[in-house]
Amino acid sequence: MISRSSLAVLALSASLGSCSLFAPSTQGVTVTASDPQAEIFIDGNLVGRGAASVSLRRNQSHTVMAKIGDRVGTSSIGTSISTTGVLDIVGGVLFLVPLIGVAGPGFWSLDPQNVTVVLPQPTSGN
């Protein structure tokens, strides 16, 4: 028969190995264009003009584009291991439980969270 303290340790180790499963699957990101009139696109979808705040999937990279006329600037948002992802790894190593949190989108964090897209200066037609 398993004691209450053993069950408590087992529950703690399981939760430390899967924190990322409870984190949100999206993360807020702010994108600002160097020209306030520029249209902002994320992954090919128009999300605003000049500046936009959006929620994006944490477990995938995203492309950002700002465009006004023929002037285009681009940037990207990548992924890195989140704080909860690090806790999953530590919990998995210390308590020898499967790292099931690695499968959750909360394991990842978008980087950077604040993106400035610089558009080239307009060319003068001489």
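When Lys and Arg each count +1 and Asp and Glu each count -1, what net charge do the other residues less than 13 Å away from SER76, Cβ to Cβ, add up to?
Numbers: positive: none; negative: ASP43, ASP111.
Surrounding charge for SER76 is -2.
Take the Cα radius of gyration of segment 55-126 and divide it by 2.2 N^0.38 Å, with N its residue count; two decimals is plenty.
Values: Rg = 18.9 Å, N = 72, 2.2 N^0.38 = 11.2 Å.
In units of the 2.2 N^0.38 Å rule of thumb, it is 1.69.
Can you tell me what share of the DSSP beta bridges in segment 14-117 is antiparallel? A percent to the nearest 5 is fine. Present the calculation step by step, with values, prior to reporting the outcome.
On the way: 27 of 31 bridges.
Antiparallel bridges make up about 85 percent of those DSSP assigns within segment 14-117.
Where a number appears in this text, it was derived from the coordinates with a stated rule and is not lab data. What you see is a predicted model, and the numbers here were worked out from it, not measured in a lab. Using ideal geometry, Cβ is built from the backbone for each residue, glycine included, and neighbour counts are taken over all protein chains shown.
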